[in-house]
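In what follows, a single structure is set out as structure tokens and then discussed.
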Amino acid sequence: MNFHIKRTFESGYNDNNQEFMISGKLRPQAEAEMVDLMHDIDQAATQVRGTFFLNVKRLAYVNNIAFRALSRVIARLSAREDLQIVIVTSGVLGWSTRKFSAIAAQADNVSVAEYDRDFYPGQSFLEDGGFIPILRTQTRLTWRHERELLAKHGLKPGMQVADICCGIGDFAALVNRAFAPARLLALDHSRSSLDYARKVAADFGMTDIEYVHGDASAIMIEDNSFDFVTCRHSLQIFDRPELILRELFRICKPGGRVYVTNEKISQCMGEPRGDSITAAYVEVAALFAHFKMDLEFGPKSRRALIDAGFADLRMDSFTVANTDGDPQEFAEMVTAWQDVFLNEMARDRGDSPELVALMQRGLQDHITAALHPTGYAGWPVWAASGQKPL
Amino acid sequence: MCSERAVDLIEVSMGIHDFSSEWMHCDRISSYVARMVCQTRADPLFSANLFSSALNELLEIVFLNHGADGDMTCRVRQMGDVDMIEIALPCDDETLEFYRDVVGSLDRHDIQDLYHAALFAEGQRDARLGIFELAVDYRAKISVLEQSGRMTLAAEIAFGGVQ
């Protein structure tokens with residue numbers, strides 16, 4: 001990929017994806033300032049057969065002078081009957097999809113694809129409002145371990161902190177209370193989750209958390225902004241976690257740390273009926289893999305952080321267990337998993353009744369183990385962090 | 001649009017000569033004002049991006065269409081969910097006529113077609129384009145008020161309802 005650094009924007013063509021990307025800000029005074037960019041787009045398109053992607057998902061600002069120039073080059077390209085043009089926008093920017101859709105309306109072979117919607121396969125299962133109680137329970141269960149781990153991984157009071165993929169914001173609220181950060185930004189791409197997060201924060205009188213709608217793979221935040229960046233249980237549900245890690249690295253200050261947690265769901269365990277439990281979770285991991293989510297990511301976190309450029313790696317694992325506190329909470333969490341995994345995901349995959357029964361039996365055995373007076377039930381989680389080199 | 005009392009949020013003022021000496025002033029003022037105004041909103045980045053996009057278009061129009069001497073003052077007030085952007089500027093008869101003509105055309109039933117025609121027209125850019133965009137895409141209520149050699153271009157926008 002060849003990138004040309006311009007004053008307010010970057011652009012480049014990736015021939016592997018037949019994609020021309022423009023990011024940053026386009027607010028020229030005259031169309032003449034757009035000549036080089038238009039030429040680059042034209043040149044890129046000459047190499048394309050089939051579909052040409054014009055990626056503007058990180059183009060944060062465009063004035064009408066630049067927009068008219070872009071529309072003209074797209075109109076020129078749309079005259080090529082062999083070419084389909086897809087303009088990739090972002091729902092994170094309130095104007096982007098609407099504005100570029102006006103260009104798409106001008107020609108049959110030009111369309112707009114809102115990137116965020118396509119980037120999170122399977123995520124709808126986890127965004128449904130019914131999943132919220134289980135997320136709160138999970139956070140409550142992991143917080144017992146993470147509160148101490150976070151300090152070990154470098155989180156201190158007074159830091160500038162970002163929680164990326166914050167979900168319903170309960171972890172951010174706990175961090176706010178326990179670590180009193182100087183700034184706390186919590187970002188997620190689910191508006192319904194953020195609405196819930198804001199409501200919870202308001203209920204608890206917290207007015208100092210910035211809840212922000214955003215795309216974790218294209219965060220609209222300046223480089224080197226935060227001392228400590230967290231991203232929990234999220235790399236495992238995106239099919240391209242390296243894109244998110246690249247952004248976590250970018251917004252982290254040099255010397256700051258990025259902290260991630262992930263699972264290895266197949267290692268959920270319990271006794272009695274350990275074999276049944278293990279067999280079920282191996283199938284659950286395969287079920288998630290079908291929807292391009294890697295719930296086995298936990299132990300891979302270290303390698304992923306190293307590949308993303310982090311140094312001074314710290315890695316821990318902990319097991320959330322029925323013996324931590326209230327076994328009923330653990331059982332409720334697995335009950336909610338049953339609902340999502342079996343009633344929604346397995347159904348959508350078209351699983352056989354036998355396979356559904358195997359998973360159903362194993363998860364039920366996990367619940368039984370959690371509530372059994374002499375039983376043990378565990379859910380292992382990996383926490384990893386790395387420092388952005390100075 | 002709302003019966004609540006307006007709250008002053010921010011005011012930026014500079015001589016029109018200075019303002020129109022550098023195109024990037026539009027970008028810098030719109031970015032700064034948007035960041036300040038939106039910092040306490042529910043989604044500060046999302047709001048500031050929309051706010052800056054709208055304000056920048058207004059400032060670019062003022063950059064190109066203004067009278068000879070005096071100050072350009074950009075003031076933002078808030079009334080309920082509505083932001084009121086008011087840009088006061090020096091004006092002559094020609095400038096005032098331009099703004100009055102644009103605002104007068106916003107009531108047309110085919111304003112969306114007019115906007116898209118201007119957006120995709122060949123040749124010189126239609127000077128009214130930015131105001132058309134605010135009226136159509138941002139559903140802004142735009143008005144012009146003249147007072148002894150100066151005028152105020154005002155836009156009332158409920159950014160929460162834009163998307």
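The values are calculated or read from the model by the stated rules, or taken from the named source; none is laboratory data. As the structure is a prediction and not an experimental result, all values here were calculated from the model. Because the Cβ atoms are built from the backbone with ideal geometry, glycine has one as well, and the counts that use them run over all protein chains shown.
Some points to look at:
- Inspection of the range B:151-158 identifies at least one residue that is within 14 Å of chain A (Cβ to nearest Cβ) and over 26 Å from A:Q29 (Cβ atoms).
- Scanning the range A:31-75 for residues that are surrounded by fewer than 14 Cβ atoms within 10 Å (Cβ to Cβ) and either within 12 Å of chain B (Cβ to nearest Cβ) or small (G, A, S) (or both), we see that the one that is farthest from the chain's Cα centre (by Cα) is A:A32.
- Whichever residue in the range A:159-185 is part of a loop (DSSP other than H, G, I, E, B) and touching a strand residue (DSSP E or B) at 6+ places or on another chain (Cβ under 9 Å) and, among such residues, is surrounded by the most Cβ atoms within 10 Å (Cβ to Cβ): A:C166
- Residue count for the range A:21-59 under the criterion of being touching a helix residue (DSSP H, G or I) at 6+ places or on another chain (Cβ under 6 Å) and under 24 Å from B:N49 (Cα atoms): the result is 6.
- Filter result (of a type outside the set (V, I, T), in contact (Cβ under 8 Å) with a residue 12 or more places away in the chain, under 20 Å from A:F288 (Cβ atoms) and not in a loop (DSSP other than H, G, I, E, B)) within the range A:349-376: A:R349, A:L355, A:L358, A:M359, A:Q360, A:R361, A:G362, A:L363, A:Q364, A:D365, A:H366
- Residues satisfying the stated conditions in the range A:18-30, i.e. at the interface with chain B (Cβ under 8 Å from one of its Cβ atoms) and charged (D, E, K, R): A:K25, A:R27
- Lone qualifier among A:V229, A:V212 - being closer than 21 Å to B:R41 by Cα, assigned to a strand (DSSP E or B) and either at pLDDT 95 or above or of a type in the set (A, V, I, L, M) (or both): A:V212
- Of all residues in the range A:173-212 being of a type in the set (K, R) and within 12 Å of chain B (Cβ to nearest Cβ), the one that is farthest from A:E148 (Cα to Cα): A:R191
- In this structure, B:S47 qualifies as within 9 Å of chain A (Cβ to nearest Cβ) and touching a residue at least 12 places away in the same chain (Cβ under 8 Å).
- Among the residues of the range A:204-215, none qualifies, meaning not one is in contact with a Phe, Trp or Tyr (Cβ under 6 Å, 6 or more places away or on another chain) and surrounded by fewer than 20 Cβ atoms within 10 Å (Cβ to Cβ).
- Single residue of B:S30, B:S20 found to be free of Cβ contacts under 8 Å to residues at least 60 places away in the same chain, touching a His at 6+ places or on another chain (Cβ under 8 Å) and within 16 Å of B:L153 (Cβ to Cβ): B:S20
- Which numbered condition B:L64 misses (of (1) under 17 Å from B:T152 (Cβ atoms); (2) surrounded by fewer than 18 Cβ atoms within 10 Å (Cβ to Cβ); (3) within 17 Å of the chain's Cα centre (by Cα)): (1)
- Residues in the range B:74-129 that are within 11 Å of chain A (Cβ to nearest Cβ), among the aliphatic types (A, V, I, L, M) and touching a Leu at 6+ places or on another chain (Cβ under 8 Å): 4 in all.
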